[in-house]
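Below is one structure, written out as structure tokens, with a few remarks after it.
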Amino acid sequence: MEREKIKSIIEAKKDSVIELWEKLVNIDSGTYDIEGVNKVASVFEEKLKSLGCETKIYKFENAGNTLIATLNPDAKDEPILFIGHMDTVFSSQDSKERPFKIEEGKAYGPGVLDMKAGDVIAVFTLEVLKEIGYNKRPIKIIFSGDEELAHINSTGDEVIYKEAIGAKAALNFETGRVDEGIVVGRMGTRGYDVNIEGVSAHSGNNPDLGRSAILEAAKKIVELEGLNDIPRGKLVNCGLVNGGVSNNTIPGNCTIGILTRYVSQEIGDEINREVEEILNQTFVEGTKTTFVATKGIPSMERTPGVIELYDLVENVAVELGFPKPHPVEVGGGSDSAFTVSAGIPTVCAMGAKGEFNHTDREYAVVDSMFERIELAANTVLAID
Ligand SMILES: [Zn+2]
């Protein structure tokens with residue numbers, strides 16, 4: 001009964017879904033375009049207020065707003081979270097050059113898939129739930145404004161964590177996958193900016209006085225790369241190296257950019273400790289190494305709660321006659337890391353299906369918008 005009703009409500013809303021999606025894709029909201037992100041936030045806030053949600057805005061000095069909107073704020077049971085982000089990786093001009101368009105069932109435009117599609121799915125799922133009279137639990141939307149930079153210039157991550165505490169479950173509407181995978185695990189990351197000071201000298205006249213910063217870097221890199229254990233999900237990449245002034249000068253300076261990735265906090269603690277041990281060792285006497293660890297993201301761990309929620313989503317998808325999903329773990333991070341860290345069972349990549357996010361070839365399958373609204377609304381009903 002309820003399922004039929006949901007189907008017909010979505011059917012009647014198809015044009016409004018596309019209309020809101022088009023409007024949002026055509027507002028550029030790259031992470032650095034704070035004004036653009038905030039404009040997107042106010043479009044969503046207005047829409048969600050009109051649906052009767054209680055809303056709250058977190059402002060940050062150097063990043064776009066985080067929007068919180070809650071339907072049924074007074075319902076007694078634990079809330080269900082709908083997670084999204086309003087920023088994209090694109091510039092402030094992209095939508096002028098390639099505005100939203102639909103061709104042969106695929107939608108194009110900056111951030112069309114990652115993740116304006118998912119945000120629109122979240123909002124319309126909430127609207128559908130309201131229209132069928134769902135009032136068992138609060139539905140809380142958390143849309144951040146700087147996910148693509150992992151909240152390095154804000155405390156957006158802490159806001160997600162704090163707002164998530166005590167929730168029953170979270171659906172993250174990140175980029176959906178064309179292979180029907182639903183994401184149940186993501187690697188955590190941490191970056192290191194390393195600076196090595198040596199002693200520069202003329203390599204012919206004073207070779208004895210020189211202390212090569214590049215040699216020190218090379219010896220460290222061999223050790224660091226040796227920490228890689230791909231089957232265990234323990235990764236380190238020395239991806240940036242810069243040093244020296246000429247081939248006849250013993251180099252007095254070298255920098256290394258490092259990123260670690262890990263499937264669990266335990267492996268994260270292990271690899272980050274080992275990286276720091278190597279960085280603190282001196283291989284070429286007379287060189288000095290300093291480093292700063294950049295703010296990373298925790299791993300989204302495949303907890304028993306995550307798997308239980310995934311199983312429920314899979315059952316609902318099959319019952320609705322959609323292609324059977326499968327659980328996947330991926331290397332890239334998302335805000336799901338913060339909800340899982342807060343102890344909330346979370347499934348990720350519940351957004352529209354498509355490919356090539358972060359490029360101008362990005363597209364989203366239009367019909368998957370409606371499929372995913374139906375899947376999310378019925379998933380909420382199936383959570384007891
Ligand atoms: Zn995203």
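Projected onto planes of every orientation and averaged, the convex hull of the alpha-carbon atoms in segment 40-197 covers 12.9 nm². The mean sequence distance of close C-alpha pairs (under 8 Å, at least 6 residues apart), as a share of the length of segment 188-293, puts its relative contact order at 41 percent.
Element breakdown for segment 188-293 at a 1.4 angstrom probe: carbon and sulfur atoms account for 49% of the accessible area. Heavy-atom surface analysis with a 1.4 Å probe gives segment 52-156 a carbon and sulfur content of 44 percent of its accessible area.
In percent, what relative contact order does the chain have, based on Cα pairs under 8 Å that are 6 or more apart in sequence?
Reported relative contact order: 22 percent.
Taking square-rooted eigenvalues a ≥ b ≥ c of the alpha carbon gyration tensor, is segment 118-185 rounded, prolate or oblate, where a/c under 1.5 means rounded and, failing that, a/b exceeding b/c means prolate? It is oblate, given that a/c is not under 1.5 and a/b is not larger than b/c.
Restricting attention to the chain, close to 70% of DSSP beta bridges with both partner residues there are antiparallel. In this structure, GLU46 and ILE165 have a Cβ-Cβ separation that, at R0 = 30 Å, corresponds to a calculated FRET efficiency of about 0.65. Computed extension length for ASN205-VAL330: 39.7 nm, one decimal, from 0.36 nm per residue of separation with the Cα-Cα distance subtracted. Dividing the helix sum by the residues of the chain, where each DSSP H run of 4 or more adds -39500 (n - 2.57), gives a mean residue ellipticity at 222 nm of -11500 deg cm²/dmol. Modelled spin-label separation between GLU277 and SER92, with each label point placed 7 Å from Cα along the Cα-to-Cβ direction: 4.8 nm. Protection proxy ranking, highest mean first, for peptides 289-298, 373-382: 373-382, 289-298, where packing is the per-residue count of other beta-carbon atoms within 10 Å, averaged. Diffusion of segment 188-293 by Stokes-Einstein, at 20 °C in a medium of 1.002 mPa s and with Rh set to the Kirkwood radius over alpha-carbon pairs, works out to 150 µm²/s. Entry comment: accessible area of the chain is 43 Å² per residue, from protein heavy atoms only and a probe of 1.4 Å.
With only alpha-carbon pairs counted, each pair once and no self-pairs, how large is the Kirkwood hydrodynamic radius of the chain in angstroms?
22.3
Which entries of LYS162/LYS295; LYS7/LYS59; LYS76/LYS324; LYS59/LYS140; LYS49/LYS96; LYS13/LYS76 have Cα-Cα distances beyond 26 Å here? Long pairs (Cα-Cα over 26 Å): LYS7/LYS59; LYS76/LYS324; LYS49/LYS96; LYS13/LYS76.
The values are calculated or read from the model by the stated rules, or taken from the named source; none is laboratory data. Predicted, not measured: the structure shown is a model, and the values here were computed from it. So basically every Cβ, Gly included, is an ideal-geometry build from the backbone, and we count neighbours across all protein chains shown. For the accessible areas, the whole protein counts, side chains as well, though only heavy atoms, and no ligand, DNA or RNA atoms are used. Shrake-Rupley method; radii C 1.70, N 1.55, O 1.52, S 1.80 Å.
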